[in-house]
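Some notes on the structure that comes next.
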Amino acid sequence: MMKRLAFLALLPALAFAAPEGAMVTAGPLTALDKLQSVPMVKDAPIPHRNIQVKSWQTMKGTKVMFVENHDLPMLDVRLVFDAGSARDGEKSGLASLVSRMIDEGTTTRDTSAIAAAFENLGASFSTSSYRDMSLADLRVLSNEKYLDPALDVFNDVLANPIFPDAAFTRIFDNAQVGQQQKQQSPAAQAGVMFYKNLYAWHPYALPPSGTADSLKNIKAEDLRAFHKQYFVAANAMIALVGDIDERRAQQIAERISAGLAEGKPAPPLAETPALTRSRHLHLNFPSQQTHILLGQPGIKRGDPDHAALAVGNEILGGGGFTTVLMKELREKRGLTYGVYSSFVPMRAQGPFMINLSTRNDQAGQVLELVRDILRDFIKQGPSEDQVKEAKDNILGSFPQSTASNSDILAYIASMGFYNEPLDYLETFPDRIRAVSVEQVRKALKSHLNANKMLSVTVGQGVEVKK
């Protein structure tokens with residue numbers, strides 16, 4: 001699905017899960033990435049980095065987000081298209097294949113020439129695809145000697161791919177190998193089952209990488225048609241961070257946008273279906289561990305309760321070894337090595353999930369315990385001390401999450417794609433500080449219902465009360 005793991009700081013949120021249940025740091029770092037053994041100085045000021053985000057539209061209507069930063073002689077570029085797997089239609093895995101094949105040749109360059117051009121310029125190029133979006137990244141020295149020709153190749157790859165048949169066969173075979181590997185992973189199978197049954201008919205139901213059967217229905221011509229429809233200026237967003245001024249940023253953005261066909265924006269996604277009752281699904285799997293996923297539809301981007309839920313989730317299961325779930329399941333009972341909760345806010349309503357693995361013979365007990373813990377947490381809510389500690393953890397890790405240009409690029413690209421306000425990064429600490437215990441309790445009760453949860457188990461011999 002990705003040519004490199006470039007999503008670690010993509011979402012302007014707190015500690016959310018990636019598709020298929022894989023945990024990532026998406027925003028301020030999770031507590032597992034913090035040095036929690038180092039005592040915090042009481043009431044110490046939070047380091048502040050002034051990040052001024054500027055935004056405009058190109059002549060073709062492409063939104064641009066820009067941060068000027070002269071710390072390094074580099075420029076980072078991200079082009080985001082509303083062209084994730086939610087646009088696959090009946091051919092699940094299509095967006096993923098487009099992303100994987102887009103640099104396999106253009107009308108003027110073959111794949112070897114593309115790779116050699118970037119390498120000779122010391123530039124890096126990568127692509128990736130997810131449920132909401134497809135991304136293309138370029139990193140290059142800001143010196144015009146390297147920047148100008150790198151942009152030429154970048155524009156050519158994105159605007160003029162030919163998706164050659166020979167390369168399609170190779171990429172398709174690799175994708176099928178990936179499907180076989182997923183079949184051998186209980187965690188991957190749990191993720192597929194969870195999304196499929198949580199979202200039913202909605203585009204989020206199917207895995208971004210497709211399935212072994214769906215991939216068989218995709219031809220090279222489908223990739224060309226998908227690219228022609230969605231990789232267009234009206235359906236794109238450009239993010240720029242680095243060693244250029246605003247005037248040069250405008251020139252570069254115009255150059256990228258002008259190279260794309262004008263096109264039309266993708267239509268809005270439908271609202272996601274709601275769970276009306278609790279359900280449990282089990283898949284027998286020859287493994288020593290059972291993977292468990294429990295959850296329900298969570299929130300969309302821009303939800304006013306986002307900050308309160310982020311604090312609540314930090315306490316429940318998003319903050320590492322000090323969370324409620326970790327203490328109850330790992331420290332007190334030794335039932336799992338790790339357990340995590342997450343919200344995944346997306347363009348449509350993304351999921352809330354609790355994710356863990358445990359021995360097959362205790363999976364039923366563990367799932368029932370997780371349900372009880374979640375029910376009590378929603379009902380009682382966190383304490384004053386828990387909220388204060390969670391806020392301190394989030395604020396303490398926030399400066400690290402904007403430490404590099406690539407971090408900032410990921411933030412502003414997501415902000416632009418989801419129409420977050422330009423001062424999102426500047427106001428983030430204040431929004432977290434303003435969260436009260438009562439707001440957390442109210443948000444949890446408003447968005448989570450312990451009696452309407454989907455649970456999925458993948459392992460051997462699991463007996464669970466439905």
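In table form, for the structure just shown:
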| quantity | calculated |
| --- | --- |
| Residue 103 modelled with pLDDT of 95 or more, of a type in the set (D, E, K, R) and over 30 Å from residue 339 (Cα atoms) | yes |
| Selection status of residue 218, under 30 Å from residue 164 (Cβ atoms), of a type in the set (Val, Ile, Thr) and surrounded by 22 or more Cβ atoms within 10 Å (Cβ to Cβ) | yes |
| Filter pass, residue 132 being touching a residue at least 24 places away in the same chain (Cβ under 8 Å), part of a loop (DSSP other than H, G, I, E, B), assigned by TED's automatic domain parsing to the domain that holds residue 105 and within 19 Å of residue 102 (Cα to Cα) | yes |
| Residues of the stretch 135-173 that turn out to be part of a helix (DSSP H, G or I) and either buried (at least 22 other Cβ atoms within 10 Å of the Cβ) or in contact (Cβ under 8 Å) with a residue 12 or more places away in the chain (or both), as a count | 17 |
| Unmet requirement for residue 86, which otherwise passes all of (1) more than 23 Å from residue 222 (Cβ to Cβ); (2) surrounded by 21 or more Cβ atoms within 10 Å (Cβ to Cβ) | (1) |
| Any hit, the stretch 142-149, residues being in the same structural domain as residue 210 (by TED's automatic domain parsing) and within 22 Å of residue 220 (Cα to Cα) | no |
| From 385, 376, residue being farther than 30 Å from residue 459 by Cα, without any contact (Cβ under 8 Å) to a residue 40 or more places away in the chain and not assigned by TED's automatic domain parsing to the domain that holds residue 138 | 385 |
| Unique residue being under 30 Å from residue 70 (Cβ atoms) and in contact with a Ser or Thr (Cβ under 6 Å, 6 or more places away or on another chain) when the list is 258, 249, 236 | 236 |
| Verdict on residue 90 being more than 17 Å from residue 264 (Cβ to Cβ), in contact with a strand residue (DSSP E or B) (Cβ under 9 Å, 6 or more places away or on another chain), assigned by TED's automatic domain parsing to the domain that holds residue 253 and not polar (S, T, N, Q) | no |
| Residue in the stretch 440-455 that is β-branched (Val, Ile, Thr) and more than 23 Å from residue 393 (Cβ to Cβ) present | no |
| Among (1) surrounded by fewer than 24 Cβ atoms within 10 Å (Cβ to Cβ); (2) under 27 Å from the mean Cα position of the chain (by Cα) - the single one residue 413 does not satisfy | (1) |
| Qualifying residue in the stretch 312-335 (condition: closer than 28 Å to residue 193 by Cα and in contact with a His (Cβ under 8 Å, 6 or more places away or on another chain)) | no |
| Which listed residue is over 17 Å from residue 378 (Cα atoms) and either part of a helix (DSSP H, G or I) or not assigned by TED's automatic domain parsing to the domain that holds residue 386 (or both), from 335, 329 | 329 |
| Single residue of the stretch 423-437 satisfying the filter (closer than 26 Å to residue 70 by Cα and of a type in the set (D, E, K, R)) that is surrounded by the most Cβ atoms within 10 Å (Cβ to Cβ) | 426 |
| Within the stretch 198-310, strands (runs of 3 or more DSSP E) holding 1 or more residues that are of a type in the set (A, V, I, L, M) and within 23 Å of the chain's Cα centre (by Cα) | 236-242, 289-297 |
| For residue 420: the one exception among (1) outside any helix (DSSP H, G or I); (2) crowded, with 23+ Cβ neighbours inside 10 Å | (2) |
| Candidate set from the stretch 284-326 (those that are in contact with a helix residue (DSSP H, G or I) (Cβ under 6 Å, 6 or more places away or on another chain) and surrounded by fewer than 20 Cβ atoms within 10 Å (Cβ to Cβ)); member that is nearest to residue 348 (Cα to Cα) | 305 |
| Residue list for the stretch 186-206, filter: within 20 Å of residue 90 (Cβ to Cβ) and either modelled with pLDDT under 95 or outside the structural domain of residue 155 (by TED's automatic domain parsing) (or both) | 206 |
| In the stretch 340-362, the residues that are without any contact (Cβ under 8 Å) to a residue 40 or more places away in the chain and buried (at least 24 other Cβ atoms within 10 Å of the Cβ) | 341 |
| Only one of 446, 401, 397, 455 that is hydroxyl-bearing (Ser, Thr, Tyr), surrounded by fewer than 18 Cβ atoms within 10 Å (Cβ to Cβ) and either under 27 Å from the mean Cα position of the chain (by Cα) or outside any helix (DSSP H, G or I) (or both) | 446 |
| Residue within the stretch 354-370 that is touching an Asp or Glu at 6+ places or on another chain (Cβ under 7 Å), within 20 Å of residue 195 (Cβ to Cβ) and not in a helix (DSSP H, G or I) present | no |
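The values are calculated or read from the model by the stated rules, or taken from the named source; none is laboratory data. These figures come from a predicted structure and were not determined experimentally. Cβ: placed from backbone, ideal geometry, glycine included. Neighbour counts: every protein chain shown.
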